[in-house]
Structure formats: C-alpha cells, structure tokens
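Participant: Quick one: this structure, given as structure tokens, is what I'll be asking you about.
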Amino acid sequence: MELAVYGTEKPHPSVATTYHNIGSVYKRMGKYPEALTEYKKSLDIDLKVYGTEKPHPSVATTYHNIGSVYKRMGKYPEA
C-alpha cells in the first residue's frame with residue numbers, strides 16, 4: 001500500500017493512521033481478529049517512524065486499542 005500511495009517503501013505515518021482506522025472499523029463490527037491484524041500493521045509502521053526511545057501518542061493509542069480488542073475477546077493476559 002505504501003508503495004502505491006507514496007511511491008516509496010519508506011514507512012509513512014498516514015499509512016499507519018489508515019491501518020489504525022480500518023482496525024477501528026473492524027473492532028466496532030466485532031471482527032476482533034481482523035482488527036488486531038490492522039492495529040498491528042499500524043503499530044509496526046509507527047514504531048519504524050517514531051522509534052522506541054521516546055514515547056509517541058500514536059504508538060500509545062495503538063497499544064491501547066490492541067489491549068482493548070484482547071479484552072473484548074476475553075484474552076486478559078494479552079490485554
């Protein structure tokens with residue numbers, strides 16, 4: 001998707017946001033495995049863009065939503 005949209009393979013925060021939004025739609029539909037897949041794609045890109053040394057709100061929000069999905073699935077240890 002990144003190559004098609006931005007003409008580069010370099011991670012872009014807008015692509016992460018798009019994956020995150022798709023994950024949110026799946027979550028609202030109750031399609032939790034699909035939501036996790038999209039949230040994890042978003043997280044992967046955000047960590048490449050923002051790194052792990054300094055906290056970033058996008059990374060925190062995605063971790064929160066991943067935990068929320070696991071909670072709804074009853075997978076409390078993962079949440």
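The values are calculated or read from the model by the stated rules, or taken from the named source; none is laboratory data. Treat the numbers as computed from the prediction; the structure is a model and nothing was measured. Don't worry about glycine lacking a Cβ; one is built from the backbone with ideal geometry, like all the others, and counts go over all protein chains shown. Calculation scope for accessible area: heavy atoms of the full protein, side chains included, ligands and nucleic acids excluded. Shrake-Rupley method; radii C 1.70, N 1.55, O 1.52, S 1.80 Å.
Participant: In a shell of Cβ-Cβ distance under 15 Å around residue 79, excluding residue 79 itself, what net charge do Lys and Arg (+1) and Asp and Glu (-1) give?
Facilitator: Combined, the nearby Lys, Arg, Asp and Glu give +4.
Participant: Once label points are set 7 Å from the Cα along Cα→Cβ at both residue 54 and residue 9, what is their separation, rounded to one decimal in nm?
Facilitator: Each label point lies 7 Å from its Cα, and together they span 2.8 nm.
Participant: First select every other residue whose beta carbon is under 12 angstrom from the beta carbon of residue 47; then total the charges, Lys and Arg +1, Asp and Glu -1.
Facilitator: Charge balance near residue 47 sits at +1.
Participant: For the chain, what is the accessible area per residue in Å², given a 1.4 Å probe and the full set of protein chains?
Facilitator: 66 Å²
Participant: Moving to a separate point now. Working from the pairwise distances between different alpha carbons, so that the mean of 1/r is found and then inverted, what is the chain's Kirkwood radius in Å?
Facilitator: Evaluated over the chain, this radius sits at 12.8 Å.
Participant: For the pairs 41/71; 10/31; 10/54; 27/75; 10/40, flag any whose C-alpha to C-alpha distance is greater than 25 Å.
Facilitator: 10/31
Participant: Another question, then. Once neighbouring chains are kept in place and the probe is 1.4 Å, which whole percent of the accessible area of the chain is contributed by carbon and sulfur?
Facilitator: Exposed carbon and sulfur together represent 54 percent of the surface.
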